[in-house]
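Asker: Quick one: structure below, then a few questions.
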Amino acid sequence: MPKTINDAGAVIRMRVNDRDKINYTDEEIVADVATACRYLSQVLIARKSPEMIVTEDVVDYAAIPENFHSFVGQWPVWREGPVFRTSTGANAVTVRYWATRGQGLSSLTDVIPFDEIYFDAIVTAACMLLLNRDEFDTSKEQSILQALEALMPGGGKS
Amino acid sequence: MTALDICQKARVAVGDAKHTTYSDYECMTALQSALDMLVTSCDEFFSPALVKEAELELEDDRAALPEDFRSVVSVQCYTGLMESNYETGPFSREYRFENSQIVSPESPVLLTYRYRPERLTALEDEIDVPEYFELPLARITAALLQGNFELAQTVSDKAAQTSKVQRWENVATKKLWGGYNPNA
């Protein structure tokens, strides 16, 4: 069963001691979970996690997708501002690229676009952002997040 | 062996079995360069690998050379080995090449030639070289992916030299204290 932002919100409110919805609004929680998702995307792409790879057929002057980060290796395709360019013209080239996730998350019912193994990292990162807004000391959350990131796939030597 | 077999071995050698660093396009480009490099090494060391025969029927003293023709080893007609003549001939039992044609009054002729393996277009393509070139090709491809041209050249040259040794082993018997007896 995929987790929604609402599921993350319930855990986050417990962690930041706001079960009665007095301090943080739902909008804040949605925004911070979205930021946490985009942050996690960058971490996973930086460590070359294969689940962040997307395959797509592109032709010359095709628009760059919103979630495009960078190519996996080299192709007869390159980026020129908002479009792809290819040396093959109208013949499509199948390219593989690193894609970020977390764009367009705006509601509590939206599904978190990651596997469940990353749920705790997303919750912890969102908690850090919320606590930071109130200028709490977030060093404990930082070390928890670091520990979680080190244990995620590709974090160690595995 | 297919291009995919070699690419997979090369990826393992450079630690990219997960396909997260190099694209298939890069692997295929490196493999094509590796193949070209190996063909050149085989020429330089007079390797007997990559040699084929074709029987050609000549019409009006001419026949097209095979598509994969690279250079000649020998030309024979029914009476035996033919010689080239680029000055006055070709006369009986002689031949010459004109661009991509062979010219001779004899027909048919048996052409023994060094061939160029077909250029690769897809990962499923079969590579028309002996099996013992599989590992060297993977090593050359891996070295090229990492930009190590010197290592690629060394492996290519050694593979060409070794292919010669393998052929000699087949035709000669071993001597008691090492080496081979060429007259056996």
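Asker: Taking a cut-off of 30 Å, what percent of all Cα-Cα pairs in chain B are separated by more than that?
Answerer: Pairs farther apart than 30 Å: 37 percent.
Asker: Now, a different point. List the cysteines of the protein assembly as shown that have no other Cys Cβ closer than 4.7 Å: which are they?
Answerer: A:37, A:127, B:42, B:77
Asker: Which longest run of chain A has no exposed loop site in it, a site being GluC sites (Glu not before Pro) in a DSSP loop with at most 10 other beta carbons within 10 Å, and the site itself not part of the run?
Answerer: It works out to A:67-134.
Asker: Near residue B:91, within a Cβ-to-Cβ distance under 13 Å, what is the net charge of the other residues, with Lys and Arg +1 and Asp and Glu -1?
Answerer: So the environment of residue B:91 carries a net charge of -3.
Asker: Looking at this model, which pairs from A:48/B:158; B:9/B:52; A:48/B:9 are more than 29 angstrom apart at the alpha-carbon?
Answerer: Over 29 Å apart, Cα to Cα: A:48/B:158.
Asker: Report, to the nearest 10°, how far helix B:3-13 tilts away from the longest principal axis of the Cα atoms in chain B, using its own Cα long axis and a range of 0 to 90°.
Answerer: 40 degrees
Asker: Now, a different point. Return an integer: the convex hull volume of the alpha-carbon atoms of the stretch A:52-99, in Å³ per residue.
Answerer: 59 Å³
Asker: Right, here's the next one. Can you give the longest stretch of chain B with no exposed loop site, where a site means GluC sites (Glu not before Pro) in a DSSP loop (not H, G, I, E or B) with at most 12 other C-beta atoms within 10 Å?
Answerer: B:125-184
Asker: Let me ask another. Looking at the stretch B:1-103, which trypsin sites (Lys or Arg not before Pro) are DSSP coil and have at most 16 other C-beta atoms within 10 Å of their C-beta?
Answerer: Hits after loop and neighbour filter: B:18.
Asker: How well do other chains shield peptide B:9-21, expressed as the mean number of their Cβ atoms within 10 Å of each residue Cβ?
Answerer: That works out to 2 on average.
Asker: Using helices alone, what [θ] at 222 nm do you get for chain B, with -39,500 (n - 2.57) per DSSP H run of 4 or more residues, divided over all residues and rounded to the nearest 500?
Answerer: Taken over chain B, the calculation gives -12000 deg cm²/dmol.
Asker: Pick out the long, greasy-scoring helices in chain A: whole DSSP H runs spanning 20 Å or more along their own axis by Cα, mean Kyte-Doolittle at least 1.0.
Answerer: Counting only whole DSSP H runs, the qualifying helices are A:119-133.
Asker: Could I ask something else about it? Any chance you could give the angle, 0 to 90 degrees and rounded to 10, that helix B:149-171 forms with the longest Cα principal axis of chain B?
Answerer: That helix lies at roughly 50 degrees to the long axis.
Asker: Semi-axes of the protein assembly as shown's equivalent ellipsoid from the Cα gyration tensor, sqrt of 5 times each eigenvalue, largest first, rounded to whole Å?
Answerer: 65, 24, 13
The numbers here are math on the coordinates, done by the rules we state, and not lab data. Remember, it's a predicted structure, so these values are computed and weren't measured experimentally. Backbone-built Cβ (ideal geometry, glycine too); neighbour counts: all protein chains shown.
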